[in-house]
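Structure first, then comments.
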């Protein structure tokens, strides 16, 4: 059974729920018998990209820190991804993915999820040499496990986003269902939160790798940002 938060003070997923069991239950709940979203035929045939299939190469020029990453969304709706310095801080980045939550959960079933977001350098003249932060890029091309699946869009916080993050302030790691107003036809608002290792390779490349809590293993989840 997927854990449900009835009160934000009553749950500390790191202590009360084994992460692996919660994650598996969440995926089983999120994935319907037939997922309605399918990657395009062109992407299945020719857009598979092996740059994100293997682990990122190590390099002495990278810097690493730890941040909090949260996936949330209605099972039949689109997924949002939020990065924060910690659970009570303002978002560093809030993205909306153009794929249903159920599709993303289906990809997670195999224990490996690599999300690659790519953008191009904007045309600049001599007076615009300074590059904007990757967190300021408005639109990204999105690849899921090597297949192109549409776009990711940076967006501003909504009233609902504020309510979600406020409810989860005491949750450091976990997966489950939030007791907010249900969506269309009683759809449930699902979430997955974990610590991520943030690796800054350059001004044009960053990646985020989920840190499995002590006592759990097997799930590999990474998000890559690349400007070319």
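Hey, among 101, 87, which residue is in contact with a strand residue (DSSP E or B) (Cβ under 7 Å, 6 or more places away or on another chain) and within 19 Å of residue 211 (Cα to Cα)?
Going through 101, 87 in turn, the sole match is 87.
For residue 151, all conditions in the list (1) farther than 21 Å from residue 103 by Cα; (2) at pLDDT 90 or above; (3) surrounded by fewer than 18 Cβ atoms within 10 Å (Cβ to Cβ) hold save one; what is the number of the exception?
Here residue 151 clears every test but (1).
Within the set of pairs 6+ apart or on separate chains, which have a first residue in region 107-124 that is surrounded by 13 or more Cβ atoms within 10 Å (Cβ to Cβ), a second that is assigned to a helix (DSSP H, G or I), and C-beta atoms under 7 Å apart?
Pairs found: 108/27; 109/27; 113/107; 114/52; 116/52.
Quick check: is even one residue across region 133-141 out of contact with any helix residue (DSSP H, G or I) (no Cβ under 7 Å at 6 or more places or on another chain) and at positive phi?
Pass one, region 133-141, residues out of contact with any helix residue (DSSP H, G or I) (no Cβ under 7 Å at 6 or more places or on another chain): 133-141.
Filter once more, keeping what is at positive phi: none.
Scanning region 133-141, I find no residue that is out of contact with any helix residue (DSSP H, G or I) (no Cβ under 7 Å at 6 or more places or on another chain) and at positive phi, so the answer is no.
Test residue 206 against the stated conditions and say whether it is surrounded by fewer than 16 Cβ atoms within 10 Å (Cβ to Cβ), at pLDDT 90 or above and assigned to a strand (DSSP E or B). Give the steps one after another, and end with the answer.
Numbers: surrounded by fewer than 16 Cβ atoms within 10 Å (Cβ to Cβ): no; at pLDDT 90 or above: yes; assigned to a strand (DSSP E or B): yes.
No, not satisfied.
Quick grid of which residues meet (1) under 15 Å from the mean Cα position of the chain (by Cα); (2) at pLDDT 90 or above; (3) over 20 Å from residue 97 (Cβ atoms):
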position: 177; (1), (2), (3): no, no, no
position: 182; (1), (2), (3): no, no, yes
position: 188; (1), (2), (3): no, no, no
position: 191; (1), (2), (3): yes, yes, no
position: 198; (1), (2), (3): yes, yes, no
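The values are calculated or read from the model by the stated rules, or taken from the named source; none is laboratory data. All of these numbers come straight from a predicted model, not from anything done at the bench. All Cβ positions, even for glycine, are placed from backbone atoms using ideal geometry, and neighbour counts span all protein chains on display.
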